[in-house]
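Written below as C-alpha cells is the structure these notes are about.
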Amino acid sequence: MTVDNSNDKPVILIVDDDRSMRTLLNLAMTEEGYEVAEAKNGEQCLGEYQLLKPDAILLDAVMPDLDGFTCCEKIRQLPGGELLPILMITVLDDQKSIDRAFDCGATDYITKPIHWGVLSQRMKRLLATNRVVQELQAVKQQLQQQDLMINQLSNLALFLAMATTED
C-alpha cells in the first residue's frame, strides 16, 4: 500500500482481519485528517510497519496466524518500534486480555464496539504525546553532543595548559 507521508499528515496503520472494520477505521481516521494504510494480519503489519514507518498503529488483538498481542511484541523489538503509539482495538474486555495487551507493549486499549469520539480523542492524545517524546529525544541528543564537545574542549584546554607550563 502506498501512502504519501510527505505532507506532514500523521500516518496511521490499521491492522484488522475484518475488512469491514478496516474500512470503518479507515474512514474515521481519514475524516480526522490522517493518512491511512491497512494490513489484514499481523505478518502484513510487520512488513507495512518497516516500509511505511507509521506514526501510530491501530491493532486488532484477535487475528488468525499472528495475533495482535504477538505482533505488538514484535513491533516493539524493531528499530523505531519501542515508542510507537500502538492502540489495541478488540472485542476482548476481560482483565486478563487487558493486562496482556499492556504487557506486550500496547500504549492504549479500546474495546469494540468502538465509541468513535473516544477513538478520535485517544488518537490525538497518543500522537501529541509521541511528538513530545520525539522532541525530548532530539533535545537529549543535542545536549549529549554539546556535553561531548565541552569535554573535548576541556581536555584540549588542559593539554594546552600543561604544554605551556612545560616550556
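The values are calculated or read from the model by the stated rules, or taken from the named source; none is laboratory data. All values derive from a computational prediction rather than experimental measurement. Don't worry about glycine lacking a Cβ; one is built from the backbone with ideal geometry, like all the others, and counts go over all protein chains shown.
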Taking the stretch 110-134 only, how many residues are under 14 Å from the mean Cα position of the chain (by Cα) and either of a type outside the set (S, T, N, Q) or farther than 21 Å from GLU31 by Cβ (or both)?
12
Counting just the residues of the stretch 1-41 that are modelled with pLDDT of 95 or more and among the small types (Gly, Ala, Ser), which one comes out farthest from the chain's Cα centre (by Cα)?
SER20
Given (1) over 15 Å from LEU58 (Cβ atoms); (2) surrounded by 12 or more Cβ atoms within 10 Å (Cβ to Cβ); (3) within 19 Å of the chain's Cα centre (by Cα), number of the condition SER97 does not satisfy
(3)
Kindly list the number of the only condition in (1) aliphatic (A, V, I, L, M); (2) under 20 Å from ARG125 (Cα atoms); (3) not in a strand (DSSP E or B) that fails for LEU92.
(2)
Kindly evaluate ILE75 against the criterion of being under 16 Å from CYS45 (Cβ atoms) and touching a residue at least 60 places away in the same chain (Cβ under 8 Å).
no
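Criterion first (within 22 Å of ARG125 (Cα to Cα) and surrounded by fewer than 18 Cβ atoms within 10 Å (Cβ to Cβ)) does GLY33 satisfy it? Please lay out each step first, then the result.
Numbers: within 22 Å of ARG125 (Cα to Cα): yes; surrounded by fewer than 18 Cβ atoms within 10 Å (Cβ to Cβ): yes.
Answer is yes for this residue.
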Only one of (1) buried (at least 16 other Cβ atoms within 10 Å of the Cβ); (2) more than 19 Å from HIS115 (Cα to Cα) fails for ALA61. Which number is that?
(2)
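Among the residues of the stretch 116-133, write down those that are among the hydrophobic types (A, V, I, L, M, F, W, C) and closer than 15 Å to MET88 by Cα.
Keep residues of the stretch 116-133 that are among the hydrophobic types (A, V, I, L, M, F, W, C), which gives 116, 118-119, 123, 126-128, 132-133.
Within the stretch 116-133, TRP116, VAL118, LEU119, MET123, LEU126, LEU127 qualify.
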